[in-house]
Amino acid sequence: MATSAIERTSKDIVLAVQEYSLFAWRAMLNLFRPPIYWTDFLMQSDIIGVGSLPIVILSGFFTGGVLALQSASTLSEFGATAVTGRFVSLTMIRELGAVLTGIMVAGRNSSSMASELGSMVVTEQIDAMRALGVDPLRKLVTPRIFASISMLLLLTIVADAFGIVGGAVVTVILNHQNGTQYFNSAYEHLSFSDILQGLVKPLFFGYLLSSIGCFYGMRTTGGTEGVGRSTISAVVTSSVLIIAVDFVITHILLTIFPT
Amino acid sequence: MSQASIRAEQPTAGEQEAGPVVELRGVSVDFDGPPVLEDISFSVAPGETRVLLGPAGVGKSVLLKLIIGLLRPRKGTIHLFGEEISGLPEEKLFSLRVRAGMVFQESALFDSLTVRDNVAYQLIQERTPDDVIDSRVHEALRFVGLEETFNLYPASLSGGMKRRVAIARALIHEPELILYDSPTGGLDPVTSTTIIELIVKQRDVHSTPSLLVTHRLQDAFTLCNHRFDVEKDHMVPLPDGETNPNTTFLMLDEGRLILDGSLHDLVHTDNKFVREFLE
């Protein structure tokens with residue numbers, strides 16, 4: 001009994017991975033094959049990019065502030081508080097800016113994609129679209145993926161900038177250090193590989209969070225309860241995968257560009 | 001009987017010579033369980049209206065979705081407009097689906113779009129100019145008697161109005177085949193009659209072949225016993241003893257086709273299940 005349950009679960013997982021791979025591959029190919037629905041891309045860019053701006057600014061700002069607070073107390077033991085700016089900027093740009101933005105946008109948009117598409121599935125709107133001769137993958141999924149990738153890149157830059165500003169505010173106001181020194185330290189030690197790491201990651205995270213959100217939405221079954229399940233699965237899976245993929249990308253990039 | 005309705009009842013010589021619009025041969029389907037449909041074979045000829053009867057949950061909607069390629073059969077072949085579609089990849093099906101219209105059971109209108117954008121959905125995708133779209137949407141909405149809903153959202157429409165908008169959406173592209181999935185299900189008798197009148201109008205004025213799924217016998221008999229009078233602009237009963245020769249019946253029971261014939265065949269069959277269904 002237990003063996004058959006394990007076997008069934010294993011098969012379900014393998015099947016889901018296979019379905020997701022095919023789905024994500026087809027959606028990816030559609031990025032380069034006409035027709036591309038530019039209007040839908042712009043609408044999704046507005047929803048994902050402009051809509052996520054407040055949460056990204058706030059989370060970036062306070063993360064930078066916390067980094068400055070935590071690092072200052074540790075660095076002061078070594079008399080190295082002057083490198084707080086370097087610490088905050090490197091951490092934000094190389095790691096936290098991309099990961100935090102990815103997770104915030106996954107929470108906001110991966111869930112909305114899953115619930116929106118899931119609702120369309122259970123009310124037969126997706127079938128109606130197919131019956132009207134329109135490919136839902138091209139019309140609904142590809143613009144969301146395209147918009148998520150491009151917007152997450154820009155949002156990450158915004159998060160990085162506000163993180164460094166947040167660190168500066170804490171450094172100057174709470175830690176009573178020199179602001180110019182903070183910004184000099186933050187800027188001078190940045191290298192090409194740091195910027196590259198920070199800008200490559202959001203491309204992967206944007207693709208992940210949108211393709212997973214759309215995938216769970218499009219395979220929704222079981223009415224409104226199923227929509228709820230799809231939404232939870234989309235957020236959990238995309239958030240966990242963002243962190244896992246971050247580890248892999250960081251490892252690869254550190255191998256290519258050793259510090 | 002008006003000239004228009006007399007013409008509409010008889011298929012033209014060209015239509016009779018052409019092959020069936022839809023043809024199913026030995027189609028079976030299941031969803032990881034017992035078969036939903038087993039060995040289904042029938043066809044829809046040009047100008048023909050086929051009424052698919054059967055109790056709820058017998059696989060009628062599944063059959064409609066198979067015909068338009070929304071679902072795939074486990075076994076058998078499906079020809080739509082002469083092309084075998086059961087093995088056709090999804091991207092090649094879109095061009096065939098554009099030629100057909102489908103009215104879904106629960107209307108399936110896009111709830112984030114206005115009635116205008118719902119009805120014009122195909123035209124918008126084809127980048128038809130806005131003024132042409134507006135004029136054709138007005139025409140389609142006039143056909144279903146809902147011109148005043150042009151700028152409304154589906155949420156503000158009643159169930160019957162949604163079905164009529166769904167019919168307008170299915171008809172705007174002048175389809176070569178219309179599939180109606182329980183268009184009167186869950187509606188009051190007056191609204192049901194309005195919907196059936198629209199279907200009779202489409203049948204008699206445009207001679208569009210169609211397949212109508214229903215479990216309501218009164219709808220089936222109304223379709224058979226009425227014609228659309230173009231001059232009076234409404235449906236009128238045929239004289240006693242006359243029926244529409246192009247309206248024929250199919251009946252499903254436990255996933256199998258148990259009847260394929262005319263109204264006469266339906267009411268005179270010896271099949272026990274059909275007799276119980278009729279009674």
So, with points 7 Å from each Cα along the Cβ direction, the B:ASP134-B:ASP188 label distance in nm works out to 3.4 nm
Per residue of B:119-129, other chain Cβ atoms within 10 Å number on average 2
Working note, region B:194-279: Cα radius of gyration (Å, one decimal) and Dmax (Å, whole number) are 13.6, 43
GNM of chain B, Cα pairs under 10 angstrom: of B:PRO46, B:PRO35, B:PRO129, the biggest fluctuation goes to B:PRO129
Share (percent) of C-alpha pair distances in region A:70-169 greater than 16 Å works out to 67 percent
Counting only DSSP beta bridges fully inside the protein assembly as shown, the antiparallel percentage to nearest 5 is 55 percent
Across all Cα atoms of chain B, Rg and the largest Cα-Cα distance (Dmax), in Å, are 18.4, 56
Over all viewing directions the Cα convex hull of the protein assembly as shown casts an average projected area in nm² of 32.6 nm²
If amide H atoms are modeled at 1.01 Å from N in the peptide plane, then the residues at a separation of 5 or more from B:LEU259, or on another chain, having amide H under 5 Å from its own are B:MET251
Going from the fewest other Cβ atoms within 10 Å to the most, one would list B:MET161, B:MET251, A:MET113 as B:MET161, B:MET251, A:MET113
Final fewest-first order of A:PHE247, A:PHE204 on the 10 Å Cβ neighbour count is A:PHE247, A:PHE204
Along region A:232-248, Karplus-curve 3J(HN,Hα) (6.51, -1.76, 1.60; θ = phi - 60°) to the nearest Hz, with x for Gly and Pro, reads 4, 4, 4, 5, 5, 5, 5, 5, 5, 5, 4, 5, 5, 5, 4, 4, 5
With A:LEU190 itself left out, Lys, Arg at +1 and Asp, Glu at -1 over residues whose Cβ is under 12 Å from its Cβ give -1
Taking only the alpha carbons of region B:131-170, the radius of gyration and the largest Cα-Cα distance, Dmax, both in angstrom, are 9.5, 29
Going residue by residue through region A:151-161, the Karplus relation 6.51 cos²θ - 1.76 cosθ + 1.60 with θ = phi - 60° gives ³J(HN,Hα) values, rounded to whole Hz and with x marking Gly or Pro, of 6, 5, 4, 5, 5, 5, 4, 5, 4, 4, 4
Rounded to 0.05, the calculated FRET efficiency for the beta carbons of A:GLU225 and B:LEU88 at R₀ = 41 Å is 0.75
Counting other chain Cβ atoms within 10 Å of each Cβ in A:132-139 and taking the mean gives 6
Summing -39500 (n - 2.57) over every DSSP H run of at least 4 residues in chain A and dividing by its residue count gives a helix-only mean residue ellipticity at 222 nm, to the nearest 500 deg cm²/dmol, of -25500 deg cm²/dmol
For the protein assembly as shown, the dipole about the Cα centre with charges only on Cβ (Lys and Arg +1, Asp and Glu -1), to the nearest 20 debye, works out at 1420 debye
Per DSSP, the loop-located trypsin sites (Lys or Arg not before Pro) within region B:196-279 having at most 15 other beta carbons within 10 Å are B:LYS232
Total charge of the residues flanking B:GLY87 in space, meaning their Cβ is under 14 Å from its Cβ, with Lys and Arg +1 and Asp and Glu -1, is +1
Checking region B:195-253 for GluC sites (Glu not before Pro) in a loop per DSSP with at most 16 other beta-carbon atoms within 10 Å yields B:GLU231, B:GLU242
Sorting B:SER207, B:ILE196, B:LEU113 by the position of each Cα along the dipole of region B:106-217 (Lys, Arg +1; Asp, Glu -1; all at Cβ), the one nearest the positive end of that ordering is B:ILE196
Of the residues A:VAL88, A:PRO143, A:GLY223, the Cα lying farthest along the dipole of region A:38-256 towards its positive end, which is defined by charges on the beta carbon of Lys, Arg, Asp and Glu, belongs to A:GLY223
Note to self, chain B gives a 222 nm [θ] from helices alone (DSSP H runs n ≥ 4, -39500 (n - 2.57) apiece, / all residues, nearest 500) of -10500 deg cm²/dmol
To the nearest 20 debye, chain A has a Cα-centred charge dipole, built from +1 on Lys and Arg Cβ and -1 on Asp and Glu Cβ, of 340 debye
The exposure ranking of A:THR156, B:THR128, A:THR255, fewest beta-carbon neighbours within 10 Å first, is A:THR255, B:THR128, A:THR156
Mean Cβ-within-10 Å packing, highest first, puts peptides B:116-126, A:182-192 in the order B:116-126, A:182-192
Mean-square fluctuation maximum in Gaussian network of chain A, Cα pairs under 10 Å, restricted to A:SER148, A:SER119, A:SER71, hits A:SER71
Net charge near B:HIS234 (other residues with Cβ under 12 Å of its Cβ; Lys, Arg +1; Asp, Glu -1) is -2
Once both label points are put 7 Å beyond Cα along the C-beta direction, the A:LEU69-A:VAL172 separation in nm becomes 1.9 nm
Note, region B:260-267: 3J(HN,Hα) by Karplus (6.51, -1.76, 1.60, θ = phi - 60°), whole Hz, Gly/Pro = x, goes 9, x, 7, 4, 4, 4, 5, 7
Log entry: pair-distance distribution for region A:152-196, C-alpha pairs binned every 10 Å from zero, whole % per bin is 25, 49, 23, 3
In whole percent, the Cα-Cα distances of region A:38-256 spread across 5 Å bins from 0 upward as 1, 8, 14, 16, 16, 13, 10, 8, 6, 4, 2, 1, 1, 0
As straight-line cross-link partners of B:LYS162, the qualifying lysines (C-alpha separation under 27 Å, not fewer than 8 residues apart within one chain) are A:LYS139, B:LYS60, B:LYS65, B:LYS201, B:LYS232
Partner shielding of B:102-111, taken as the mean number of other chain Cβ atoms within 10 Å, equals 5
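Rule-based calculations on the coordinates, nothing more; no lab input. Small disclaimer: the values here were computed from a predicted structure and weren't measured. A quick note on method: Cβ atoms are made from the backbone with ideal geometry, for glycine too, and the neighbour counts reach across all protein chains shown.
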